[in-house]
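The next block holds one structure in the form of C-alpha cells; read it before the comments.
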Amino acid sequence: MQESQRKHAIMREFAFLPSGVEPNWQTFRKTKERESSDFLAEGCEVLAQECREWASKHLRLVCFSEQVTELLMWAHYASSHRGFVIEFDPKHALFASDEFRKVDYVLADERPTVEDVEDQSQEDFRKMLCRKSRDWDYEAEWRLVKLANSLDVGRRRDGLEMSCLELPSGSVRALYLGWQLPRDKGDELLQSIEKDEWHRVKRFIMRPDKAKYAIEPIPWDQWRARPDTFRKECDRLTMADAEPEESE
C-alpha cells in the first residue's frame, strides 16, 4: 500500500509541474524514488526509535518458560545452576488475560520493523514484543506484557528500584533449587515458604543425571531423607559453598 501511494504521489507531482519545466519522466521518477526512499528509511528509523523508547518507558515484560529441565536455561538464567526455578499454575487468573502469550519464534533473520505494524495498535506492538529468532526456541518462552503504571515499585537487595509484579501464593505450584545453589540461600528460600499460605508448594532439588547430560528434579523430602553416607559424598562433590582443600 505504501509503495503504490508513493508511486501515485510521484506521478501527480510530475503531472502538475510548472509550465516550461520539461524534465525527462524516467530521470524525474528515479530522482524522486531515491529521495523518497531515503526519506522513508530515515522516517522509519526515527519512528522505530520512538517505539523502542515508548515501550521501554511504558511496558514491562515478565518472562516464563515451559521447560524446567533445560540445561541451557539453567546455565543462562539460573547462574549456572546456582539459582532456582518457580513453577506457576498456567490456569491461575494471573495468566488469564490477553497480556499473557506465547513467544513466536520466526525463521526470518530480520527483526520486526515498524512497517510490520499495520495500524500501530497496541495489539500489534504486543505481537512485536513476543517475537524472537528461531535460535532461541529451546526456551519455549511465554511473556506477560504489563503496563508499567499497573505495577508497584520495589527495592531489591542491592538497593536498585524496579517495577515488580505481585505473585499470589495460589499461582505457585513448586520450587526447584539448583544443584549448585549455596546452602544458605537454599535454606532461606525454603524457610520463606514455611507459612501456611505456601503449604501446597512442592519442593524439589535438581540433580545431575549420572548417565546422561541431563538434570532431574528430586523431591526435597526424598533428598533430605537420603542416607548420611550418600549425603556426605554428594555434598563433597557438588556443594557449591564447600571450602577449597588446602595443599601442602
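Where a number appears in this text, it was derived from the coordinates with a stated rule and is not lab data. Here the structure is a predicted model, which means the values were calculated and not measured. Glycine gets a Cβ as well: all are built from the backbone with ideal geometry, and neighbour counts include every protein chain shown.
Observations, loosely collected:
- Extended-chain gain in nm, criterion 0.36 nm per residue less alpha-carbon gap, Trp198 and Ala75: 41.5 nm
- Full-extension gain in nm, Thr27 to Asp152, via 0.36 nm per residue minus C-alpha separation: 39.1 nm
- Where trypsin sites (Lys or Arg not before Pro) fall in DSSP loop in segment 139-196, at most 15 other Cβ within 10 Å: Arg156, Arg157, Lys195
- Rough spin-label spacing in nm, given labels placed 7 Å along Cα→Cβ, for His92 and Arg52: 3.4 nm
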